[in-house]
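Here's the structure, in structure tokens; my notes come after.
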Amino acid sequence: MEIQWALGADVAMAFDHVVPGGADLATARDAMERTLQWLERGARRHRELSDGRTVGQSDGERLTVRPSDSPTVRQTMWPILQGGAHSELRIEGLRRILDQGEWTGLAVGGLSVGEPKAVMYEMLERLAPRLPPAVPRYLMGVGFPEDLVAAVARGVDLFDCVAPTRNGRNGAAYTADGPVNIRNAAHRDDARPLDPTCDCETCTTFSRGYLRHLFVAEELLGLRLLSLHNVRYLMRLTAEMRAAVRAGDYERWAADWRRRYTQGETT
């Protein structure tokens, strides 16, 4: 809590214990209990920091947070829900988190960590009607396009993930017509942009053939260009999802998107 306060984060996250997706009930409960205990301790320290109390030690001296040191907008803190792939633990953990107080947002952690996608979707479906409707719902560590589209349909608002840049560094690009592996020989003489629907610098400046050349030649520029494209693709995707939600047309939009993305090119 003190580190996040010192960094000036707008949203401080509680500390949590993540277990693999296939963890048994006893292991998942142990992690959930520890996470809830950390939440109680972290929330107490966060309240102290918000009230201007001491912040720890530096060179043997106590540091004091004065009002002038506080963020212009008060830092908020969000809990993280654990429970593995066990819906009864998730529901219990959520109840106990809400019993600790009112929160400005709530994160769901410990999904997309090895369990089948169907299990992740089921957990989100079970939690959706129980999560407070007025606060943002943050699904941690999820960043593949198909998972974002599925999670938004199940009430999720926020995401974070290394997938777009990690995949980009390995030559995998998200496109409107499905994933593309730019290393494949089929792209050697391809003059088309990576994704003709995209407005990023990669797609408006370079051809698939040149991008493949960069990866074959082990030029770091290739890793950068695909990473930038993937991030931009997800930003455009979330904008489309937001528009569809506001228009009350998300189900139809998602079906159309999924049909094109999954039946398009995967080379």
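Cβ separations smaller than 7 Å between residues 6+ apart or across chains give the following pairs from the stretch 178-193 residues that are in a loop (DSSP other than H, G, I, E, B) to residues that are aromatic (Phe, Trp, Tyr): Gly178/Tyr261; Ile182/Phe215; Arg183/Phe215.
Looking for something of a type in the set (Val, Ile, Thr), more than 18 Å from Gly143 (Cα to Cα) and either in contact with an Asp or Glu (Cβ under 7 Å, 6 or more places away or on another chain) or outside the structural domain of Pro136 (by TED's automatic domain parsing) (or both) - is there at least one such residue anywhere in the stretch 176-192? Let's see the steps before the verdict.
Step one: of the stretch 176-192, the residues of a type in the set (Val, Ile, Thr) are 180, 182.
Still in the list and also more than 18 Å from Gly143 (Cα to Cα): 182.
Retained after the next criterion (residues that are either in contact with an Asp or Glu (Cβ under 7 Å, 6 or more places away or on another chain) or outside the structural domain of Pro136 (by TED's automatic domain parsing) (or both)): 182.
The answer is yes; a qualifying residue exists.
The set of residues from the stretch 127-145 being crowded, with 21+ Cβ neighbours inside 10 Å and assigned to a helix (DSSP H, G or I) comprises Leu127, Pro145. Could you tell me whether any residue of the stretch 251-265 is surrounded by 12 or more Cβ atoms within 10 Å (Cβ to Cβ), out of contact with any helix residue (DSSP H, G or I) (no Cβ under 7 Å at 6 or more places or on another chain) and assigned by TED's automatic domain parsing to the domain that holds Ala176? Checking the stretch 251-265: not a single residue is surrounded by 12 or more Cβ atoms within 10 Å (Cβ to Cβ), out of contact with any helix residue (DSSP H, G or I) (no Cβ under 7 Å at 6 or more places or on another chain) and assigned by TED's automatic domain parsing to the domain that holds Ala176. Within the stretch 246-267, the set of residues being more than 21 Å from Val142 (Cα to Cα) and either touching a Leu at 6+ places or on another chain (Cβ under 9 Å) or outside any helix (DSSP H, G or I) (or both) comprises Ala247, Gly248, Asp249, Gly264, Glu265, Thr267. Would you check if there is a residue in the stretch 89-102 being in contact with a Leu (Cβ under 8 Å, 6 or more places away or on another chain), in a strand (DSSP E or B), assigned by TED's automatic domain parsing to the domain that holds Pro136 and modelled with pLDDT of 95 or more? No; the residues of the stretch 89-102 include none that is in contact with a Leu (Cβ under 8 Å, 6 or more places away or on another chain), in a strand (DSSP E or B), assigned by TED's automatic domain parsing to the domain that holds Pro136 and modelled with pLDDT of 95 or more.
Within the stretch 103-125, the residues that satisfy the criterion of being closer than 18 Å to Asp24 by Cβ and either part of a helix (DSSP H, G or I) or more than 17 Å from the chain's Cα centre (by Cα) (or both) are Pro116, Val119, Met120, Glu122, Met123.
Considering only residues in the stretch 196-223 that are free of Cβ contacts under 8 Å to residues at least 24 places away in the same chain and farther than 17 Å from Ala185 by Cβ, the one that is surrounded by the most Cβ atoms within 10 Å (Cβ to Cβ) turns out to be Phe206. Scanning the stretch 148-204 for residues that are touching a Ser or Thr at 6+ places or on another chain (Cβ under 6 Å) and at positive phi yields a single hit, Gly178. Any chance the stretch 236-245 includes a residue that's among the aliphatic types (A, V, I, L, M), under 25 Å from Met13 (Cβ atoms), within 15 Å of the chain's Cα centre (by Cα) and assigned to a helix (DSSP H, G or I)? Checking the stretch 236-245: at least one residue is among the aliphatic types (A, V, I, L, M), under 25 Å from Met13 (Cβ atoms), within 15 Å of the chain's Cα centre (by Cα) and assigned to a helix (DSSP H, G or I). Taking (1) surrounded by 17 or more Cβ atoms within 10 Å (Cβ to Cβ); (2) not in a helix (DSSP H, G or I) in turn, Leu148 satisfies each apart from (2). Restricting to the stretch 98-124, name every residue that is farther than 23 Å from Cys161 by Cα and either buried (at least 20 other Cβ atoms within 10 Å of the Cβ) or among the charged types (D, E, K, R) (or both). Within the stretch 98-124, Asp99, Glu102 meet the criteria.
The values are calculated or read from the model by the stated rules, or taken from the named source; none is laboratory data. Everything numeric in this text was worked out from a predicted model, so none of it was measured. Glycine gets a Cβ as well: all are built from the backbone with ideal geometry, and neighbour counts include every protein chain shown.
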